[in-house]
Structure formats: structure tokens, C-alpha cells
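To start, the structure under review is shown below, and the notes come after it.
The values are calculated or read from the model by the stated rules, or taken from the named source; none is laboratory data. Please read these numbers as outputs of a predicted model, since none were measured by experiment. In this analysis, Cβ positions are derived from the backbone assuming ideal geometry, glycine residues included, and neighbour counts consider all displayed protein chains. Just so you know, the surface numbers come from the protein's heavy atoms only, side chains and all, with ligands and any DNA or RNA stripped out. Shrake-Rupley method; radii C 1.70, N 1.55, O 1.52, S 1.80 Å.
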Amino acid sequence: MGLISIATQVKTCRLCPLRAKCRLPVPGIGTRATIMLVGTAPTWEDDRSGIAWSSQAGQFLRVALDVLEIRGVYMTTLVKCYPGKGVSEPPPSAIKACQVHLQAEYDAIHPELIVAMGAPVMRFFGIKGGIIINAGRVFDTSWGPVLVLRHPSGILRRSADAPAFFTQFNAIISALNPIVPPQRYGD
């Protein structure tokens, strides 16, 4: 299934109770990519615009991608509907319902690396422990390699964490370009 068909399915989805709270489910953005960035849920701004990652956190993320010259990115969320003001983590029923959409996006893109942005996404991919201890690390999961990062919205709330975020964000480059040991002379 192509990304346009997936976006149409997301926009017409009525699989979970969050649909009643949001204006319109928000599909991911991008094309076939090397990297799939997965956040938790659309923001109020995303819900109003219908465009994923259109909020300040999304703008911050785009700046980080530009600064590190990272291209070939598909940006999406674990849950496709805005969960409501003050909701820090979507309900398990919404995560379960939206898993079909995330799987379809993954199958269409075939990314080399998934970047799990935030604790709920990290846990969805089966990674245990805290977000701070796991940020910047790559885990081998049933979905393939998953790099854990703190969510950009958390960095915006606590700007002192920005340097650590950029250092950990740089792990995307390392994960895609592992160090190849030099060939020994005569081999």
C-alpha cells in the first residue's frame, strides 16, 4: 500500500475513542525514507492544520535535522489523533488501534532506522527503562534498529537539555554510518 492510500485511511479512521476529540486524524509526512521519526501523538497545532509535526516541537526537530544535514526522513506519530489538552500519554486503546497505521507506514517506507521520540514510543517498541538513560542508544527490536531520543517538546520546556539532545540526536548519523574498521595491509 502506498503512502497516499495510508494517509487516506488515517484521515477516515474511526477505530478508537480519540477520534471524537480530534478535528481530523493526522497522517505522517514525507516519502520513502531511510529514517522514520515516530513521536507520541499530534499536537493541537497538528490537529488544526492536519499536518504532522507542524508545532514548535516539529519546527525544532526540523532545525535539528537541518543543522546535522540529515535527509531522507519520514515523520509520523504513534497515535494519529490529538489526545486532548494536558494528556501526556495516549490511552492503550488508541495505541492499539493506531498500530495498524504505523505498521502500514513502516511497510511502505522500509526505513533503515526508526527514531523513537519520547517514552511512550520507546515503550511501544519494547524498550524498557527510562528515557534519559536510553536516549541516544540504538536497540535491536522486532521492528529493526530503534534509536531512542527525548521528545523535542520536552527540550523546549527545559532548554538546558538542548545540548544533550543534539549530542544524542547525532547518534542518527552514527547508526546509519557505522564505523568500518580499516582493512589490514595485505588482506
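Can you list the strands (runs of 3 or more DSSP E) lying wholly within the range 82-185 that have 1 or more residues being among the hydroxyl-bearing types (Ser, Thr, Tyr)? Spell out the reasoning first.
Details: elements: 113-117, 138-141, 144-149.
Those strands (runs of 3 or more DSSP E) span 138-141.
State yes or no: is residue 107 open to solvent by 40 Å² or more (accessible area, probe 1.4 Å) and over 18 Å from residue 9 (Cβ atoms)? So residue 107 does not fit the description; no. The set of residues in the range 98-142 that are within 13 Å of the chain's Cα centre (by Cα), within 17 Å of residue 175 (Cβ to Cβ) and among the aromatic types (Phe, Trp, Tyr) comprises 106, 125.
Need at least 1 residues that are at pLDDT 90 or above and under 14 Å from residue 98 (Cα atoms) per element, so show me which helices (runs of 4 or more DSSP H) inside the range 1-67 make the cut, counting only ones lying wholly within it. I'd like the intermediate steps shown before the answer.
Numbers: elements: 3-11, 44-49, 56-67.
Output list reads 3-11.
Of the residues that make up the range 167-183, is at least one within 30 Å of residue 21 (Cβ to Cβ), in contact (Cβ under 8 Å) with a residue 40 or more places away in the chain and open to solvent by less than 10 Å² (accessible area, probe 1.4 Å)? No - not one qualifying residue is present in the range 167-183.
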